[in-house]
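Take a look at the following structure, please.
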Amino acid sequence: MLGVIGDVHGCVRTLDALLNRLFGEYDIHRLIFLGDIVDRGRYSKEVCDLIIELKKEYDVTLLLGNHEDVMMDYLRSSLRYGFKQFMKLGGDKTISSFTGGRFDKEMAQGKDVSLLAYKYFEPYMDFFNSAVICDSMDYGFLRLHFSHAGIGDGSGNGDDESFSPQFRFAWSRNTDRRKTTYFGYTMVHGHTPVVKIDPQINPNKPYINRNKKGEICSINLDTGCVYGYFLSSMIIDDNGDFEFESVKYKDKG
């Protein structure tokens, strides 16, 4: 069975609870993390350590989220986004987690600590560099395309053309408005918390987006864990049948 996990954002206790449920109730042999495992939450390093340990025993795929994209840009001083963007996305929590709070004072003063912090991230660079843009599975009657943000089909109000083709899959905000499948594939993604899609949609559960034909165009697994909601997963058996498992946010305090 395949387990697909939505945006963790440094919530290691919640992730641990979800994994215990998945491995306790399902025969999971592969995991896909949809990206945004870091930032905003307090335990980004611990989340990375846990996933690295999982990779020793299971087939684990990490997808590139926009938060990993900005983090790597910051650490490499590439400045495609500007050094302040990482902080705006909650990168201060990530740096504090990886460095044990050594540069909290400097960050509070608005200083760029990328060069000072890099050595604490260096042992993890191979792990972060292993992240891929997308993946897919074909079960015959159900074809699934996995990426962090999915991608719109032009039917939304946003502008997917703002980013290169490669990075639209990490940044698009239009996937939940898709009216078509993606070349016959259902897009499974995170990135935009379900709570922000529509007030009528249950923010605690994954969102299944169907078109008028009944086709599942996209599935959103970001149920806003770091904002106090739930961390959600999609479990897919070898026949392509799927269900969801979610656990309530547990990282407060």
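Every read-out reported here was derived from the displayed coordinates using simple, explicitly stated rules and does not represent laboratory data. Predicted, not measured: the structure shown is a model, and the values here were computed from it. FYI the Cβ positions are ideal-geometry reconstructions off the backbone, even for glycines, and counts take in every protein chain you see.
If r is the Cβ-Cβ distance from K119 to K84 and R0 is 25 Å, what FRET efficiency results, to the nearest 0.05?
0.70
Which label marks the calculated value of Cα Rg over 2.2 N^0.38 Å, given the options [x] 2.29; [y] 1.11; [z] 0.98?
Read-out from the structure maps to [z].
Show that you can apply the helix-only estimate: for the chain, add -39,500 (n - 2.57) for every DSSP H stretch of four or more residues, divide by all residues, and state [θ] at 222 nm to the nearest 500.
One gets -8500 deg cm²/dmol as the mean residue ellipticity at 222 nm.
Based on the mean of other beta carbon atoms within 10 Å per residue, what is the order of 142-150, 46-54, most packed first?
142-150, 46-54
Same structure again: Let me know the charge dipole size of the chain about its Cα centre in debye, to the nearest 20, where only the beta-carbon of Lys, Arg (+1) and Asp, Glu (-1) is charged.
840
Which peptide among 229-235, 78-84 comes first, and what is the full order, when sorted by highest mean count of other Cβ atoms within 10 Å? Mind dumping the intermediate values first?
On the way: 229-235: 24.3, 78-84: 13.4.
Top of the packing list down: 229-235, 78-84.
Only bridges with both residues in the stretch 168-220 count here: give the DSSP antiparallel percent, nearest 5.
In the stretch 168-220, DSSP labels about 60 percent of beta bridges as antiparallel.
Within a Cβ distance under 10 Å of D7, other residues only, what is the Lys/Arg minus Asp/Glu net charge?
-2
If you don't mind, another one. Using the Cβ atoms and a cut-off under 9 Å, what net charge is assigned to the surroundings of F230, where Lys and Arg are +1 and Asp and Glu are -1?
Numbers: positive: K205, K248; negative: none.
Summing Lys/Arg as +1 and Asp/Glu as -1 gives +2.
Longer than 21 Å from Cα to Cα, which of K88/K179; K84/K205; K93/K250; K88/K111; K56/K250 are they? Say none if no pair is.
Distance filter (> 21 Å) returns K88/K179; K84/K205; K56/K250.
Of all beta bridges DSSP finds with both residues in the chain, what is the antiparallel percent, to the nearest 5? Spell out each step's value before the answer.
On the way: 21 of 37 bridges.
Bridges in the chain that DSSP calls antiparallel: roughly 55 percent.
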